[in-house]
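Working notes, beginning with the structure itself.
The values are calculated or read from the model by the stated rules, or taken from the named source; none is laboratory data. Nothing here was measured: the structure is a model prediction, and the numbers come from that model. Every residue, glycine among them, receives a Cβ derived from its backbone with ideal geometry; neighbour counts consider all protein chains shown.
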Amino acid sequence: MLQRVLAVVGAVIVIAFGFVWFSGKHVSLKLAKAVPAIGTETPIRVEADSPDGVKAFAASVEQDGQSSTVYQDRTKSKQASRIYSFNAGKKMASFLKEGPAKLVLKANANDFRGAGTTVSEDIQIVLRPPTIVADGRQHYINQGGAELVMLDVGGNWTDAGVRVAQYSAGTFPMPGEADTSSHRFSLFPFPWDVSPDTVPLAFARNGAGTEVTTTFWTKVFPKKFRESNIELNDRELQKVVGELDPEGSGSLVDRFVKINREMRRANAQQIYDLRTNTEKRILWSGPFIPVKGARESYFADRRSYIYNGRKVDEQVHLGYDLAQTTNMPVKAANSGKVIFADRLGIYGNCVILDHGYSLESLYGHMSRIMVKVGDMVQKEQQIGVSGSTGMAFGDHVHFSMLIAGYQVDPKEWWDEHWIHDRILSKIGGAGNAQDAAAEGKNVSASAVPVKHKKRRRG
């Protein structure tokens, strides 16, 4: 009898042990950010996920039969998710040389079984640094404006451009040269909110994250931007909230402020994300033609929003509000390609044109859009009809210009002398913008009835 009981107990123990053993979970390992290459000392972040946490983690590099552990952590943790941050490269594994290698990640689950996981990632070892040399020209820059610098990039590089504080713009090969050319230029913004004392830096990076920088001759002219008050009333609040936040909750003022802050930020990100959708050639020709109409607000106008005598919000208006008549034709400031034609939050019905090399123009608040994405349009071709869609309290057009996704003062691009001195004298003429426009379907302008009406900016 005792033997039978012991046998049953033993069977139960074996079954329980087997259940615990085989129910153990492996650790999920993945790189938090792709690591295409490793250099002398490259930062790496690894995400580890396991229901019972991680008992041990290690990372090593392997090349030509040699291996070296570059990081290990034997701290037991019950955290379901952990991030391991460490450096890998020749500084930790002296045998590494340029060429293919492997990054090997290993982890054990923090449960009874301690199941092991191994992940191997193919990488390149890149030890040769990039080089960069800027042109020797004098660069005069307006705060809130733009400039162009020519760069010669060499060594092992994958990315290059110009950085102004937290803002950056990439490079393009000089016109007529291959994408891989080392003779390049950067059309970059000097944003309105950057101190005029800030020194622009040209940079070049390789795949391992090694970066070199250089300065170039610059003189920045400070600008004083306008400040204004926008008096709000219930009718205008209801117009904006009803259009842009119809299912929201809270007071009209609270919902308006939320739109003015959060939707404005989201729209800025949407616009920024379009920056790479650009032609690597000049599509425009001659000075940009401003939208006709009285200027009701200016670039980088700092607006205080007042409701019942109380300031409820403050935002910076990046662009010009231009008005002339109700339902006036909106015409392209220059030749380009339509890369956006749809609703865009606070901008309402909006069209964005790419003019090549990350230069864009934006037209907002329209009542009607007359082009579609992919259309090539010619200078002064009608692209829509003015209106008051989005965050607008009266019929007008919001006009902006952007470089590398950042808004800049359009005035420079209306000035033929500035365009010649700052842009074309460095990279040559504008090419054949008319031929570029002819490549796509042109939307013909149609007659639009015009009524005069008192307007109010938004």
Quick one: would you say A341 is in a strand (DSSP E or B) and either touching a Ser or Thr at 6+ places or on another chain (Cβ under 8 Å) or among the small types (G, A, S) (or both)? yes
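Of the residues that sit in the stretch 145-165 and are assigned to a loop (DSSP other than H, G, I, E, B) and not hydroxyl-bearing (S, T, Y), which one is farthest from Q124 (Cα to Cα)? Quick ask: steps written out before the conclusion?
Of the stretch 145-165, the ones assigned to a loop (DSSP other than H, G, I, E, B) are 145, 156-158, 165.
With not hydroxyl-bearing (S, T, Y) added as a condition, the list becomes 145, 156-157, 165.
Details: G145: 39, N156: 12, W157: 13, A165: 31 Å.
Only one residue fits best here, namely G145.
Okay, residues lined up against (1) of a type outside the set (K, R); (2) free of Cβ contacts under 8 Å to residues at least 40 places away in the same chain; (3) more than 19 Å from W192 (Cβ to Cβ):
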{"site": "A294", "(1), (2), (3)": "yes, yes, yes"}
{"site": "V312", "(1), (2), (3)": "yes, no, yes"}
{"site": "N327", "(1), (2), (3)": "yes, no, yes"}
{"site": "K337", "(1), (2), (3)": "no, no, yes"}
{"site": "L353", "(1), (2), (3)": "yes, yes, yes"}
{"site": "E360", "(1), (2), (3)": "yes, no, no"}
{"site": "S367", "(1), (2), (3)": "yes, no, yes"}
{"site": "D375", "(1), (2), (3)": "yes, no, yes"}
Any residue at all in the stretch 322-342 that's in contact with a Pro (Cβ under 8 Å, 6 or more places away or on another chain) and closer than 16 Å to F393 by Cα? yes
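Select from the stretch 71-87 the residues that are in contact with an Asp or Glu (Cβ under 8 Å, 6 or more places away or on another chain) and touching a residue at least 40 places away in the same chain (Cβ under 8 Å) and list them in ascending order. Spell out the reasoning first.
Here is the first cut: in the stretch 71-87, the ones in contact with an Asp or Glu (Cβ under 8 Å, 6 or more places away or on another chain) are 78, 80-84, 87.
If the condition is that a residue be in contact with an Asp or Glu (Cβ under 8 Å, 6 or more places away or on another chain) and touching a residue at least 40 places away in the same chain (Cβ under 8 Å), then I83, N87 are the ones that fit.
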For residues in the stretch 385-414 being among the charged types (D, E, K, R) and touching a Phe, Trp or Tyr at 6+ places or on another chain (Cβ under 9 Å), which is surrounded by the most Cβ atoms within 10 Å (Cβ to Cβ)? D409
Taking the options R184, R137, name whichever one is assigned to a strand (DSSP E or B), closer than 30 Å to K411 by Cα and of a type in the set (K, R). R184
Give the residues of the stretch 344-367 that are in contact with a Cys (Cβ under 6 Å, 6 or more places away or on another chain) and either assigned to a loop (DSSP other than H, G, I, E, B) or among the charged types (D, E, K, R) (or both), sorted by residue number. L344
Of these, A178, A204, which one is touching a residue at least 60 places away in the same chain (Cβ under 8 Å) and aliphatic (A, V, I, L, M)? A204
What number of residues within the stretch 74-103 satisfy the criterion of being within 26 Å of T210 (Cα to Cα), not in a loop (DSSP other than H, G, I, E, B) and not hydroxyl-bearing (S, T, Y)? 9
Out of D179, D197, D193, I need the residue that is modelled with pLDDT under 95 and either within 18 Å of I403 (Cβ to Cβ) or in a loop (DSSP other than H, G, I, E, B) (or both). Which one? D179
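Could you identify the single residue in V240, V257 that is in contact with a Phe, Trp or Tyr (Cβ under 9 Å, 6 or more places away or on another chain) and free of Cβ contacts under 8 Å to residues at least 60 places away in the same chain?
V257
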What do you reckon, is K91 out of contact with any Phe, Trp or Tyr (no Cβ under 7 Å at 6 or more places or on another chain), charged (D, E, K, R) and in contact (Cβ under 8 Å) with a residue 40 or more places away in the chain? yes
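For the stretch 299-312, which residues satisfy the criterion of being over 24 Å from the mean Cα position of the chain (by Cα) and closer than 18 Å to Y347 by Cα?
Within the stretch 299-312, the subset over 24 Å from the mean Cα position of the chain (by Cα) is 303-312.
Across the stretch 299-312, the qualifying residues are R303, Y305.
Please determine, by comparing only the residues of the stretch 229-273 that are of a type in the set (S, T, N, Q) and loosely packed, with under 13 Cβ neighbours inside 10 Å, which one is modelled with the lowest pLDDT. So that I can check it myself, show each step before the final result.
Going residue by residue through the stretch 229-273, those that are of a type in the set (S, T, N, Q) are 229, 233, 238, 249, 251, 260, 267, 269-270.
From what's left, loosely packed, with under 13 Cβ neighbours inside 10 Å: 229, 233, 249, 251, 269.
Working: N229: 94, N233: 95, S249: 91, S251: 94, Q269: 97.
Ranking the candidates gives S249 first.
Could you list all residues from the stretch 108-120 that are in contact (Cβ under 8 Å) with a residue 60 or more places away in the chain, more than 19 Å from P43 (Cα to Cα) and part of a strand (DSSP E or B)? First the steps, then the outcome.
So the first thing to find is which residues in the stretch 108-120 are in contact (Cβ under 8 Å) with a residue 60 or more places away in the chain, and the list is 108-117, 119.
Then drop every residue that is not more than 19 Å from P43 (Cα to Cα), which leaves 108-117.
N108, A109, G116, T117, listed by residue number.
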